[in-house]
Each structure stands twice: as structure tokens, then as C-alpha cells.
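Below: one structure, written as C-alpha cells.
The values are calculated or read from the model by the stated rules, or taken from the named source; none is laboratory data. Worth saying up front: this structure is predicted, and the values here are computed from it rather than measured. A quick note on method: Cβ atoms are made from the backbone with ideal geometry, for glycine too, and the neighbour counts reach across all protein chains shown. Ligands, DNA and RNA are excluded from the accessible area calculation, which covers all protein heavy atoms including side chains. Shrake-Rupley method; radii C 1.70, N 1.55, O 1.52, S 1.80 Å.
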Protein chains: 4
Amino acid sequence: MTVTLADLNRANPADFAAAIGDAFELAPWVAEAASAKRPFSTVTDLHAAMAGAVRAEPRERQLAYLRQHPDLGGKAARAGAITEDSKREQASVGLDTLSEEEFARFHRLNDAYKAKFGFPFIVCVRRHTRDSILAQFERRLANDIEAEFATALQEVVYITRLRIAAKVTGDGMPQVSGRLSTHVLDTHAGRPAVGMAVALYELAGERYYRLTTAVTNGDGRTDQPLIGGRPLPMGRYELRFSVGDHFRSRGIEAGDPPFLDIVPLRFSIAEPEGHYHVPLLCSPWSYSTYRGS
Amino acid sequence: MTVTLADLNRANPADFAAAIGDAFELAPWVAEAASAKRPFSTVTDLHAAMAGAVRAEPRERQLAYLRQHPDLGGKAARAGAITEDSKREQASVGLDTLSEEEFARFHRLNDAYKAKFGFPFIVCVRRHTRDSILAQFERRLANDIEAEFATALQEVVYITRLRIAAKVTGDGMPQVSGRLSTHVLDTHAGRPAVGMAVALYELAGERYYRLTTAVTNGDGRTDQPLIGGRPLPMGRYELRFSVGDHFRSRGIEAGDPPFLDIVPLRFSIAEPEGHYHVPLLCSPWSYSTYRGS
Amino acid sequence: MTVTLADLNRANPADFAAAIGDAFELAPWVAEAASAKRPFSTVTDLHAAMAGAVRAEPRERQLAYLRQHPDLGGKAARAGAITEDSKREQASVGLDTLSEEEFARFHRLNDAYKAKFGFPFIVCVRRHTRDSILAQFERRLANDIEAEFATALQEVVYITRLRIAAKVTGDGMPQVSGRLSTHVLDTHAGRPAVGMAVALYELAGERYYRLTTAVTNGDGRTDQPLIGGRPLPMGRYELRFSVGDHFRSRGIEAGDPPFLDIVPLRFSIAEPEGHYHVPLLCSPWSYSTYRGS
Amino acid sequence: MTVTLADLNRANPADFAAAIGDAFELAPWVAEAASAKRPFSTVTDLHAAMAGAVRAEPRERQLAYLRQHPDLGGKAARAGAITEDSKREQASVGLDTLSEEEFARFHRLNDAYKAKFGFPFIVCVRRHTRDSILAQFERRLANDIEAEFATALQEVVYITRLRIAAKVTGDGMPQVSGRLSTHVLDTHAGRPAVGMAVALYELAGERYYRLTTAVTNGDGRTDQPLIGGRPLPMGRYELRFSVGDHFRSRGIEAGDPPFLDIVPLRFSIAEPEGHYHVPLLCSPWSYSTYRGS
């Protein structure tokens, strides 16, 4: 259910709050403050006004607001006592299916974090892989209180920006999506490699999780971005290209077994709203890749 | 214990046979035949004469000779009832430490092979990884008897060539060794990448076994070949380069996490006596590799 | 002055001929034959019908038709006694400004060609550079009469296809244009190279003629294709990239003088209606290129 | 005629001076001072002692010494009134065959230089191309007197180091030579490109001078370095590889004309005593190069 910016600009304050107030969990005063600043010419401005309402509050109220957030992977999440938005977001990165051991680890980190900072660990999970959430958790535990307070508020901005972008349509949408794409050129034939299988994996610890598979089209690209229409989760990835099958199907001899069979390209994503183009140029005996555009 | 070709050329037939006869397992007639063709000007000629003695025999005797070979990973090997050379060779590729399941698989393959061809599966294990032995086994089971008989004799040539090369020194040594090397160039700095960690893995099924680690020297190479002084076992490999650490130590920013961290190069070896040079050209944002020389 | 396919389909035969008849020089019977086959659903079909009319004629009349074509760079062209279309086409490749020596050379080739084949040398000049016209001329002189007759008719098809594409608008336009494009990636920074000067040269003999210059935009591309909206003239080209200036402006040290300054990429075009993407990946110490897509 | 370091260490002062004194033109006191510091354990030490003798002199005498040097490309050179060593060195870079215009240009630069600094322009010509001498000349004219005085003395060190290295043999020879090499890999075949023609050109202004040609050997290298056994003249170069002929001889189709025919690699040399390895990796549709090692 989305609402248009135009309708929001016209709505009475109660309807305005009802439509988008829950983007800021349990903080109805955010929608109230933003409502008073209407009309907005872009959705980005609307979200900026809501984020500004949080930033304008005294420290005391900001802290109370941060404290209302649920533990990441914590008991509230397990018991279902969190908002629907939070539930969906945590599930997207696998935090709803933690093993007992992982649950215990998150629990310990949460306890240590709350003991140090006085509010729960807040992170925009849609911008992360499970691996990078853990890395962030441990890194942020080492912050001093001022740095961490600012970081937590910035994460609220990321979280709510995504929620507003999902709820509201209109001009000037905030940039919340990144794109991961590839392209395979066969430098032996001087043409795009057509029909080559490609698989994308996420690295979590030492394990690989397959996220998607595709086959290159007539231009050597995939019909859809490998990841698109959402933030690119920060973390480590591996693309695997079936180069051996491609050249075998072209009848090219390249040793038995062939010098190149599955070609892995391993890389990391650090900018969730960025464009990562990771092409492969390959012959049966050589290949190269680069961050393209 | 090695012997010189000159000494072999001078030895009486009994000493000649005692020195090198066991290169051809349980076939004293091979040394006898070769002894009569002395002198040899190269070690390669000596081995060729011994291999020729096998090739000159009637099919019946060749078959009897092939039948004397032990099962690969079989009961004889487990029970210790095989020659010392066979034992060392089978151990080199892990055939002495098979799990019950693997032992059963080899056992079944051996049975099927012997039922079809009437002699045990013979392969020069030093030219293979465990993976490629299994692949060979299954592929050769599909051969017709003529093709497989010829293949088995060729494997005997490979096995005994390695044994002779290990036992005899002199001019014209047979080419029994390959070489796997690498070289890392930092195209960001225009210099060899010095002090970069490199690890070599063998792929067996879906698992990786680390074979060796090294650190690049002042010229971006490893002081020793990654594999050298022996046949390169046919199979699949992965080189892993600590590219992220290298650029971090140079103070280069390339994202957090860095776009490239561990760079894997996956390739196969099909020519055990060949030279595989697999270099890496890398910047923090791009890399390439090729089969070099 | 263009006409729509719809109008042509509706026109009376005289108007039809008046509008597009001169695409086939001095051959009014081509338009007549095509007129009778209306309506056409695509411009490609219209041209195919006209080309088919030529192909359907007896050899005698085809020959008469070929004979009506002017000499390339010949006296008729100089004296102005050729059609406007021919004049424009010959001028496009510099055939209107031949030196006395070049004029003499074309004259000799024309004479030899006509003596052998009995009709003038016909080539679709818009698909060629001056260099490749000369190369074609000499190569085709060696043809036998059957092969050359077929080649001449095919060139007529190319010439008239361009003329029809210029005169008529409508669905299903024939593919008469190619595209030459580039893209510069700075693999030192992991970004497109912005603001880099690029120049495109045509090679004629040992000389270079600069065709165009451009500066890369924010995506490392040129705003316009280097050549587009017309056939790519077959021939040899060189792209020159001001790589040294780019890295100097980024403050990168790469030697004095820098290892790379002007980087030339030399390549040939053989498919006038194709897409040639010739990118440059460069660091201060390395570069690569490939035929991309 | 060379002399051994051992003989020099043993010689009486007059013979010592006779043997190597003219390395420092018209400055017999340099050999005298160095003679007194014998014995030297390396040729590098011998030269360092001679250079040190110049550096130890008062400014007045250093200036007098610099003033004794001939004009570069000047009247003295033309008239033959310079030492044999100077004559050979100036000839090596073409300064003995200047056109009237070039002679006039050097003359003007010399005059401006002497007017500003009070001594002639001194440069170790063997470390430069004609182009870079001119570039140095114009750049050094902009120096202040202190910087230029130091630069001139440093050039004397370069000049005399080469002379000593040519006259004396023994342990610890000074590093006076660089090396330019190449290597061609055919990434289409996964092998070195054998028998490929390579030509090396020097760029002077807009013109190219061919320095050497070679054909790649069985390892894809040239039997001799492209430049070796001497300093690499600073300047701009172009390597040209006959890639089109190579793939044509292998029967590979790559368009007509082929996409790649002559591949030029243009680069500069800034370190005369360095190693420049400039390889080419090529398929019919792609190539790359880098400063290797």
C-alpha cells in the first residue's frame, strides 16, 4: 500500500500520520512535526523533514527514541513483540532464523552494547549482509559514546529512508537502491559471450550462499541486474562464470581438464547505493575483471 | 640410493638388474633385455630400452605383466603386500588413507574394471590428483579393450620413467618434472608486488586442500616454484593472493571492505610435465591473469 | 527532403518515381517495377523490391545499367557531369579533391578495370575510407568477370540502400548505420576517467587524418559516438587518449616523462553497419583494450 | 682499450693518470687526487673518489672546470676542437648531424644558457634522446643558478661514470646500463607468440625513428634486449607488433581488414639505468600491456 506525495501534501494531519507515521517506530511526534512543514516538493524532502524532526529533539528525547528500538535478533523479535516493518527487515538478512549459537552470540553482543551505550544496537539491516552486521557490531562496540550516538541516529535515517521510499511515490525519490551487474566478453571471438551461466554467491564466514543464477543474453549481459531495486548489502561476494562450458560449446580445445573452467571473481561491496559493474573479459587462457561503470 | 649411468653401462648383468630391475615391478626379464642393449648414452635411452622390452613382448606376456600390478587403493595396498615403490606412489596422492566409503568406491571401480578388462587399473598416480584419478578411472572404464590395453601400457611407461629418473643419474635425463609458478605485478604502482601472501589449494570435489603458502619476493615472484621437481598432478587448483592486505599496507583506500581482498585464480593443470606460469596483474580495482611462460 | 512510406504507398506511379526514382541512377524502370509491387510494409521491403527489379533483369540490361555509372574520381566527376547523389557521395571520401597524382592513379585503375570488365568500377564510397577504396580497387581488378559482376551489383545495393534510407521515412528502416564508441576506466581509482581528451584519426597510407576530438564525460564516455548515424568507413583508425594529462591532473607520479602519456589504440573497421566499442582500461603503468559491445 | 682495477691500483701516478685521467676532460688534478686515495676495492669506489675530488674543490675551480666543457652541438663540436670522448658521445645522439635549423636552435639555447649561468650546458647525452635533451635544455634554463650548478655537476658525474665503466674492468662495476625488453603472449592460443615481428621506434617531435627490429623467439621474447648494455636514453618510444600477421599465419579470421594489425605500444623511459619490461598480451580482438619486471 503506497500513497502519493500529492495526497500526503493534501491530507489532514491525522491521515498524514496514519499513512507514514510508523516509518519512525513508536515516535508519532516525528510525523506531527513533519506534517506542519508541508507541502513537500520531493519525497526526499519529506524524509529529510522527518529525519530533521529527530535531529531537532533534545538529547534526552533522542535517547528515549533510540531505546524504543528492538534488539537485533533478540528476544522481542523472537517473541513477535516488534513492529511489522522491523520484523520484515530483520527477516531479510536471516535474523529470524538464527541458530541457538548465533542467537546466543547476538544476545551477548546486544548485552555488551546496551551496557556500554544505554540503547540497543541499531543498524539498517537491508544495507548489510549477515557478515557485515556482525563486523559492524564488533567495530561499533569499540566506539566512544558520542561517535556511537551519531552512528545510531544515522542508521535510523537509513532505515526510515527505505521505509518512506517504500510507502510514498512522487517526484524526487530518495536514492535507496544500488545495482550489481556483469557483462561477459569473449576475447577469443571478439564478441559478447552468449548463454554463459553465471552464479552469484554471498560469503558468510567461510561458507558461500548462492543468491542468484543467470545466463548471459545476446549482449553478454544478464537480463536483470544481479542485485537491483534495493540497497546492495555490504559484504563479500563471488561471481562464478561457466567459462569452460562456453568454450567447450564453441569447440575450442583448452586442455583436458580445460585451463579455465569455473572462473570465480571475488569482490566486496561497500556502497549499498552504488553501482557495481563487475565484468569478465575472457579467452580460454586468460581473463580480467575490474570495477566498471 | 642412486646409481650413475656410467656405472650401469659397466656393471655385470646381475648388478645391472639389482640396481634398476625393480623399476618394472615383478618383471626381471625387462632388465635382462635392456642389459643386452648397453651401453646407453642417455638415461632417456635406458628407459626407452626397458619400455621397448615390454612393448616387444607378445600380448599374452604383456597381459600377465599388467595383471601383476596391485589394485589402486585396494586390499593388497592395505595389507602391505605391494612393492615399496608402489606403496610410496599410492601414498603420495592419499590412497593409503582412504575413508571406508572411499575405499569401498575404489573397490567397486576396481572390480568393475577387472571384470571388463581382465587386469587391474594402472595409472601413474604421481601425475594426478585424487580427483583426476577418479575421473580417469570412470572415463577409462568406458574404453574398449584395445584402447584400454594401450592406455595401461602407456601408464606403465609414465610410472617407470619416474622410477628410472629417481634411481639413475647421468646425461639426457627424461623430462619428468613440470613447474607451477606465479608473479604478482602491482599495476597501481608499476612495480612487482613485494611481500604479498600467496596460497595454493587443490580442489577435491567441493573441498579445498591447501598445498603450500609463500610470500612474494623483491621481484614479485616466489623463491621456489609453487610446484616443481616433480610431475604437476593433473587436476584443479586455486591460487589465493592477499591483494587487500598489500594495498592496505601501501595506504591505498579501496572501500571498506576493500573491493578486492583475497583474489582467487582457479585453473586446471592438464600437462604434468609442462610449465604453468599463472601471474596476477592487479590494482585495487582490477586484476587479470593468463597462462604465461 | 524526405517522403513517408505511407505517402509513397498512396502516390500515383509518376509521383512515386519522382520521389525516389533517382536512387537508382538513370534507371527509371526500377521505380516502375517497384511501383507495381506496392504497398510496402517497411522501408527495407521497398528497397528490396527495387534491388530485386535490378536482379530480375536480363544480364544485358544489368550490364547497360552498370555502364551508366560514373568513373570514381574520374573526368565526369571533375567536369560535374554526374548526378547530385554521386557527387555528394564521392566528395564524402575526398574523391573530389584528388591531387594530380592521385587523379592519375584512379584514372589508370579505372582504365584497367573498364578494359577488363567492360563497366566502370562501382563501390559504395560511404562504406569506405580512401585507403580501403584503393585496396578494394586493386583486389577487385584480380577478380574474374562473374565474381566482379556480382560484386558490382552488390555495391549498387549498398549505394541505393543508403539513398533510400535518406529519402524515405517509415517503419522497418534498413540498417545502414554503424557506431564507433569508447569508454575510459581509470583502474588506479576504480572509476570512469572523467575529462580525458580523446582524438580519432584515420590512417591513409602512412599519414594520419584527425576525424574528431572529444572529452570523456562523467561516465568516462563521449557524449556522442565517435562515428555514428552513417556507415563506418572500412579502414584503419587510431584512437589517442591523453592518459598522461589525466593522471597528472590527479597528482599521480608516474615518472618524468610519465610512462604513459598519449596512449594510441590502432584498429581496423571491417563491418560498416556494425558496432565497434573500443574501450580503454588504464592505470599510469598499464592499459588494455578489446572489441567490446 | 681497457685497464684492470688491479693494474690501476698498482700503477705509478703518471700511468694511473694516463690510463683514466681523460675521463674528466681537461682536469688532470682529478686523477692526481684520486691516485692518492688508492687502492680501491671496486670500480664504483674509484669513480666515487674522482667525483669526490671535483666536489671537494672550491666553487671557483669547479666553475672553471665546468667552463672547459664544449658546447653541445656547438661550433667546437663542428670544428672538431673537442676531445674524442665528447665527440663520440655527441654523435651517439645525432648531435653531429644537426640540420642548419637545429644547429641554430642549439646555438641560441647555448647562448641563452651561458649568458644566464656563465658556463656551457652540460648533459650526459648517452642518457637522453635528442628530444629529451631539448626538453632538459629548456627546463634547466628556468633553474636558478644554485640548482643549475648542482645539476651540471651531477651530469658530470653521469658522464664520467660511463667513461670509467668503459675504461676500467674489475669488481663492483658502477650500474650504468638499463634494459628494455618485451614478451608477447598469444592469449588466444595460451602460448608465447613465436616469430612475431617487433620494431622499436624513438619519437622525436612528431617523427618516428626506427631503432631496431626483432622477431620473437620460441618463448615469445627477443633474443637480445631491445636496448641493453648501455643507459636507456630518456624519451618517448613506440613498440610496434605485427599482430595481424601472427594471427593470419595461424589461420584465425578477425575481419578484413583484421581488427588488430600493427599494435603500437607508446611509452616513455625516465630511468636510464632501470629495467623496462613492456610485454604484450594479445588475442585477435584484445590486448594489454604494463610495465613489468
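Could you state how much accessible area is buried at the A-D interface, both sides summed, with a 1.4 Å probe, in Å² to the nearest 100?
Working: alone 14210 and 14200 Å², together 27820 Å².
In total, chains A and D hide about 600 Å² from solvent.
Exceedance of the 25 Å cut-off in Cα-Cα distance is limited, within the set B:K116/B:K167; C:K87/C:K167; D:K37/D:K87; D:K37/D:K167; B:K87/B:K167, to B:K116/B:K167; D:K37/D:K87. A Gaussian network model of chain C, with springs between Cα atoms under 10 Å, assigns the largest mean-square fluctuation among C:K37, C:K114, C:K87 to C:K37.
I need the peptides A:253-263, D:210-220 ranked by packing, meaning the mean over residues of other C-beta atoms within 10 angstrom, with the highest value on top. Write down the numbers at each step before the final one.
Numbers: A:253-263: 19.3, D:210-220: 15.1.
Going by the mean number of other Cβ atoms within 10 Å, highest first, we get A:253-263, D:210-220.
With a/c under 1.5 counting as rounded, go ahead and sort the stretch D:130-259 into rounded, prolate or oblate using the C-alpha gyration tensor (a ≥ b ≥ c being the square roots of the eigenvalues; past the cut-off, prolate if a/b is larger than b/c, else oblate).
Numbers: a/c = 3.97, a/b = 1.89, b/c = 2.11.
In terms of gyration-tensor shape, oblate.
To the nearest 10 degrees, how steep is helix A:43-56 against the longest Cα principal axis of chain A, on a 0 to 90 scale? Its long axis makes an angle of about 50 degrees.
Spin-label model, B:D7/C:A64: points 7 Å from Cα along the beta carbon direction are separated by 10.0 nm.
Inter-copy label distances at D:R105, shortest first and taken from points set 7 Å along Cα to Cβ: 3.0, 6.9, 7.4 nm. Near C:T213, within a Cβ-to-Cβ distance under 14 Å, what is the net charge of the other residues, with Lys and Arg +1 and Asp and Glu -1? Cβ neighbours under 14 Å give a net charge of -2. For the stretch C:173-235 versus the stretch B:117-186, the spacing of their alpha-carbon centroids is 53 Å. For the stretch C:138-293, the per residue solvent-accessible surface stands at 37 Å², with DNA, RNA and ligands left out and a 1.4 Å probe.
For the segment B:270-282, counting C-beta atoms of other chains within 10 Å of every residue's C-beta and taking the mean gives 2.
Other chains' Cβ within 10 Å of D:188-196 residues: what's the mean? Could you put the intermediate results ahead of the total?
Working: counts 9, 6, 14, 4, 2, 0, 0, 0, 0.
Average per residue, whole number: 4.
Once the Cβ-Cβ distance of C:Q175 and C:T83 is raised to the sixth power relative to R0 = 22 Å, the FRET efficiency obtained is 0.35. Simple spin-label estimate for C:A135 and D:H275 gives 3.9 nm between the two label positions (7 Å along the Cα-to-Cβ direction from each Cα). Counting only protein heavy atoms and a probe of 1.4 Å, the accessible surface of chain A is 51% carbon and sulfur.
Would you mind giving the mean number of other chain beta-carbons within 10 Å of the Cβ of each residue in C:250-259, as a whole number?
Numbers: counts 0, 0, 1, 1, 5, 9, 7, 10, 3, 10.
Mean partner shielding for this stretch: 5.
Based on Cα contacts under 8 Å between residues 6+ apart, chain B shows a relative contact order of 17 percent.
Let me make sure I get this right: for the protein assembly as shown, a, b and c are the square roots of the gyration tensor eigenvalues over alpha carbons, sorted descending. Under 1.5 in a/c it's rounded, otherwise prolate if a/b > b/c, else oblate. Which is it? Rounded is the answer for the protein assembly as shown, as its axis ratio a/c remains below 1.5.
Shape call for the stretch C:164-236 from the C-alpha gyration tensor, a ≥ b ≥ c root eigenvalues: rounded (a/c under 1.5), prolate (a/b greater than b/c) or oblate?
Values: a/c = 3.12, a/b = 1.49, b/c = 2.09.
It comes out oblate by the Cα gyration axes.
Modelled spin-label separation between A:N143 and D:H107, with each label point placed 7 Å from Cα along the Cα-to-Cβ direction: 7.5 nm. Over chain B, dividing the summed -39,500 (n - 2.57) contributions of all DSSP H runs of at least 4 residues by the number of residues returns a 222 nm mean residue ellipticity of -12000 deg cm²/dmol. Over all pairs of different C-alpha atoms in chain C, the reciprocal of the mean inverse distance, the Kirkwood hydrodynamic radius, equals 21.4 Å.
Nearest 0.05, what FRET efficiency do A:R55 and A:S99 give at R0 = 41 Å with Cβ-Cβ as r? According to the calculation, E is roughly 0.60.
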